[in-house]
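Below you'll find the structure, written out as structure tokens, and then a few comments.
The values are calculated or read from the model by the stated rules, or taken from the named source; none is laboratory data. Source: prediction; values computed, not measured. Here the Cβ positions follow ideal geometry from the backbone for every residue, glycine too, while neighbour counts run over all protein chains shown.
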Amino acid sequence: MAIMITDECINCGACEPECPNTAIYEGGIEWTWGGGTELNQVTQEDGAVVAGDEKQEPVSDEFYYIVTQKCTECTGFHEEPQCAAVCPVDCCIDDPDHRETEEELIAKKEFLHGE
């Protein structure tokens, strides 16, 4: 499953630099597929092709957020999600709406980083 940041976030930013996939963004900041990955373009589920540097809408305007499609729970990089490990208020938690197996997380890492 992906990790999510709850509304208890104090916007300290400790989590952002820890993410090996650049999946964490400050509230209100647009995100890109290419940031922190090897992706030049992505074909979405609806068939639309998105450039890796094309700005995407922020998931949250108020708090730091995690882009579910880029979160691998640090699989292949670390033993545990680093955002949760460094969060001083324990607001980086498992996202019950986005459950993935270890195999799916490894495949996502390979997709993002071309490994």
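If the condition is being loosely packed, with under 12 Cβ neighbours inside 10 Å and within 22 Å of E103 (Cβ to Cβ), then the stretch 1-43 contributes only T43. Exactly one residue out of T72, T37 is under 21 Å from H113 (Cβ atoms), of a type in the set (S, T, Y), within 15 Å of the chain's Cα centre (by Cα) and modelled with pLDDT of 95 or more: that is T72. In the set V50, V42, only one residue is touching a residue at least 12 places away in the same chain (Cβ under 8 Å), farther than 20 Å from C83 by Cα and either among the hydrophobic types (A, V, I, L, M, F, W, C) or not in a loop (DSSP other than H, G, I, E, B) (or both); that residue is V50.
Taking the condition of being within 19 Å of C9 (Cα to Cα) and either assigned to a helix (DSSP H, G or I) or without any contact (Cβ under 8 Å) to a residue 12 or more places away in the chain (or both), how many residues in the stretch 72-89 meet it? Number satisfying all stated conditions: 5. R99 satisfies every condition listed in (1) loosely packed, with under 10 Cβ neighbours inside 10 Å; (2) part of a loop (DSSP other than H, G, I, E, B); (3) of a type in the set (D, E, K, R) except (1).
Scanning the stretch 56-69 for residues that are under 15 Å from the mean Cα position of the chain (by Cα) and in a loop (DSSP other than H, G, I, E, B) gives E57, P58, V59, S60, F63, Y64, V67. Taking the stretch 44-59 as the range and being of a type in the set (D, E, K, R) and either on the phi > 0 side of the Ramachandran plot or exposed (fewer than 10 other Cβ atoms within 10 Å of the Cβ) (or both) as the test, the residues that pass are E45, D46, E57.
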